[in-house]
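Okay, so here's the structure we're looking at.
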Amino acid sequence: MSRVTLLERLKELQQTPKFRNRDIRTISAILSTEALAKHVEACEQAAAR
């Protein structure tokens, strides 16, 4: 998955009630694409709970 797609998914997650008051996107600036994919996956799993 491309970095742009991952960032778009992260942006969507940021708008969910679970993450609305938390900054989950700033870290993406220093993460590799692989690490960003893992971060997005973890956030998606947390949002589903």
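Along the stretch 16-26 the Karplus relation, 6.51 cos²θ - 1.76 cosθ + 1.60 evaluated at θ = phi - 60°, assigns HN-Hα couplings of 6, x, 4, 10, 4, 9, 10, 9, 9, 9, 4 Hz to successive residues, with x for each Gly and Pro. As a length-normalised measure over Cα pairs under 8 Å and 6 or more apart, the relative contact order of the stretch 3-48 settles at 47 percent.
Model label sites at Lys38 and Thr5, defined 7 Å from Cα along the beta-carbon direction, differ in position by 2.0 nm.
Considering helices alone, the calculated mean residue ellipticity of the chain at 222 nm is -18500 deg cm²/dmol, with DSSP H runs of length four and up weighted by -39500 (n - 2.57) and normalised per residue. For the chain, take the longest principal axis of its alpha carbons; what is the angle in degrees between that and the long axis of helix 33-48, to the nearest 10 within 0 to 90? Taking the Cα atoms of the chain, the angle to 33-48 is about 10 degrees. Across all Cα pairs in the chain, the calculated P(r) in 5 Å bins from zero up to the longest distance comes to 4, 23, 37, 23, 10, 1 percent per bin.
We did not get these values from a lab; they are worked out from the coordinates using the rules stated. No experiment lies behind these values; they were computed from the predicted model shown. Neighbour counts run over all protein chains shown; Cβ positions are idealised from the backbone, glycine included.
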